[in-house]
Amino acid sequence: MNKPTALPANQRLRINLLRLAFFAMLPLLVFSKSAWLHPEWLFDLFEVTGVFLVIAAVLGRFWSILYIGGRKNSEVMQDGPYSMCRHPLYFFSCMGAVGFGLMLGSVVLTAVLGAATFSILSATAAREEAFLRTEFGKRYDDYAARTPRILPRPSLFHTRSEITFNVETLRRNFFDALVFLSFIPLAELLEGLKEGALVPTFLIY
């Protein structure tokens, strides 16, 4: 009997969908103004929390790449961040999107950015898993049965005492990290445009 076949998820499609979602929301990002500017400490709290989440997302992605780099689609990684959820890279990407929304001082933008990113990455994860199930069968099924897909469960954490990592994959992830870090100056730029009344704005919560 022939083994069922499935193709790995199209990562370029994932990237293009995320870009499309961002550009679709760009008018909302540019022309909306936080309704939480007063008291000032509340907006500052949103902003600082957002910066913290973006930096944590970058560090989390590097942490995940140390484990999965060079091994994706070739083995069932179950250590480190992969012991807590099956797609930690996607979890940290969602964290970065939420952080960006908070830096803009809007609960609505935070929810929209987080939900859009989560939806796209969750659909990508489902396609990836269809491939992994055909490749690894019961081994992946058992892993999936005890490990959440994207939202981590810290109580499941375990890891080996030593790991090896792929330098080339880590280098590529560095450029992905720059995209997330660019959220910080982008949020500051948008805030400056709105404070200087350089663009028409409407209030958003």
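The values are calculated or read from the model by the stated rules, or taken from the named source; none is laboratory data. A quick note: this is a predicted structure, and the numbers were derived from the prediction, not measured. Virtual Cβ from ideal backbone geometry, glycine too; neighbours counted across all protein chains shown. Only protein heavy atoms, including side chains, enter the accessible area calculation; ligands, DNA and RNA are left aside. Shrake-Rupley method; radii C 1.70, N 1.55, O 1.52, S 1.80 Å.
Brief remarks on what is shown
- Springs between Cα atoms under 10 Å define the GNM used for the chain, and in it the highest mean-square fluctuation of 173, 73, 16 occurs at 16.
- Dipole of the chain, positive direction: furthest Cα of 107, 30, 117, with charges on the beta-carbon: 117
- Interatomic Cα distance distribution for the chain, bins of 10 angstrom, percent: 8, 31, 31, 18, 9, 2, 0
- Only DSSP H runs of four or more residues enter the estimate; each adds -39500 (n - 2.57), and after division by the residues of the chain the mean residue ellipticity at 222 nm equals -22500 deg cm²/dmol.
- With the convex hull constructed from alpha-carbon coordinates only, region 56-135 shows a mean projected area of 5.3 nm² over all directions.
- Computed over the chain with a Gaussian network model linking Cα atoms closer than 10 Å, the most mobile of 137, 69, 114 is 137.
- Candidates 131, 91, 175, ranked by Gaussian network fluctuation over the chain, Cα under 10 Å, top entry: 175
- A cut-off of 5 Å between modelled amide H atoms, ignoring neighbours fewer than 5 places along the same chain, links residue 33 with 202, 203, 204.
- Summing Cβ point charges (Lys, Arg +1; Asp, Glu -1) relative to the Cα centre of the chain gives a dipole of roughly 860 debye.
- Those aspartates and glutamates that a straight Cα-Cα span of less than 13 Å connects to residue 72, excepting residues fewer than 8 apart in one chain: 128, 129, 135
- Protection proxy ranking, peptides 104-112, 176-184, 194-202, average beta carbon neighbours within 10 Å, highest first: 104-112, 176-184, 194-202
- Measuring with a 1.4 angstrom probe and ignoring ligands and nucleic acids, residue 87 comes out at about 10 Å² accessible.
- Size of electric dipole in region 102-154: Cβ of Lys, Arg +1 and of Asp, Glu -1, about Cα centre, debye, nearest 20: 140 debye
- The simple spin-label model puts a point 7 Å past each Cα toward its Cβ; for residue 72 and residue 146 those points are separated by 2.5 nm.
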